[in-house]
1. When you scan the range 164-181, do you find a residue that is under 15 Å from Leu132 (Cβ atoms) and in a helix (DSSP H, G or I), even just one?
2. Any idea how many residues of the range 128-163 are closer than 24 Å to Leu201 by Cα and assigned to a strand (DSSP E or B)?
3. Looking only at the range 133-154, filter to residues that are touching a residue at least 40 places away in the same chain (Cβ under 8 Å) and in contact with a Phe, Trp or Tyr (Cβ under 8 Å, 6 or more places away or on another chain); which one of those is surrounded by the fewest Cβ atoms within 10 Å (Cβ to Cβ)?
4. Are any of the residues in the range 186-200 touching a helix residue (DSSP H, G or I) at 6+ places or on another chain (Cβ under 9 Å), outside any helix (DSSP H, G or I) and either surrounded by 16 or more Cβ atoms within 10 Å (Cβ to Cβ) or not aliphatic (A, V, I, L, M) (or both)?
5. Taking into account only those residues within the range 46-95 that are of a type in the set (Phe, Trp, Tyr) and at pLDDT below 70, which is surrounded by the most Cβ atoms within 10 Å (Cβ to Cβ)?
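The values are calculated or read from the model by the stated rules, or taken from the named source; none is laboratory data. This one's a predicted model, so the numbers in the text were calculated from it and none came from an experiment. Here the Cβ positions follow ideal geometry from the backbone for every residue, glycine too, while neighbour counts run over all protein chains shown.
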Amino acid sequence: MRTKVISLFLLFSTLYLSSIVGCQKCNDIQTYFKVLDLFVKNATKTDTNRLGFTEVDANTTVSYQDYYIVLTVGVEYFSDASNYFSNPFMGTAYACDSPDPLAAEKITELTVYSNADLRLTGDVVIPAGSSLNEYFGVDLEGDNITTISDFVKSDLSHPTEEILFLYLNQAPSVNQMHQFNVYYELDSGNVYSEKTSNIILSQ
């Protein structure tokens with residue numbers, strides 16, 4: 001009887017230690033994601049910190065202060081499981097948490113263009129087809145960067161599963177219609193280009 005008790009104790013001790021090792025190895029597995037697609041939409045903000053938005057229909061008139069271009073990406077996940085230890089005694093109910101997924105790519109270029117001249121206060125006119133990066137800011141999870149150019153140079157310049165908000169940082173001089181094109185290039189060599197529907201920006 002004593003021998004059986006000792007054997008059971010050793011068995012459960014082995015299983016417990018095995019679970020700990022399995023969990024430690026589980027935490028070593030880093031999940032990454034890469035971009036498969038880019039989506040852009042015209043939207044208006046629905047709260048003061050720009051994190052809430054409502055998509056707007058084509059040819060809608062929107063105040064520039066309420067307007068932004070919403071960028072989202074479709075992603076594919078993969079893991080670095082070279083050191084993965086699969087514990088046959090630890091079911092999914094006891095699986096430990098892995099680190100948050102990380103972007104496997106970096107944004108090397110993000111540029112906004114328009115099919116029409118952008119007319120801003122102060123007699124500023126940016127010809128159609130020219131970069132508008134100095135006139136659009138970026139809002140990402142509360143980090144507000146004044147221009148797209150500064151964003152691309154920052155540590156935040158990588159794909160994200162969060163929404164990327166682009167907003168006009170200077171008032172238009174007159175009401176005007178635009179269709180914006182977003183060019184999105186990654187260091188993997190993948191390039192995406194998507195257009196918004198027509199939007200009428202007002203002062």
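1. no
2. So the answer is 7.
3. Once the filter is applied, the top-ranked residue is Asp139.
4. First, the residues of the range 186-200 that are touching a helix residue (DSSP H, G or I) at 6+ places or on another chain (Cβ under 9 Å): none.
The answer is no, given that none of the residues of the range 186-200 is touching a helix residue (DSSP H, G or I) at 6+ places or on another chain (Cβ under 9 Å), outside any helix (DSSP H, G or I) and either surrounded by 16 or more Cβ atoms within 10 Å (Cβ to Cβ) or not aliphatic (A, V, I, L, M) (or both).
5. As a first pass, look at the range 46-95 and keep what is of a type in the set (Phe, Trp, Tyr): 53, 64, 67-68, 77-78, 84-85, 89, 94.
After this cut, where a residue has to be at pLDDT below 70 as well, the list is 84-85, 89, 94.
Working: Tyr84: 12, Phe85: 15, Phe89: 11, Tyr94: 11.
Here the residue is Phe85.
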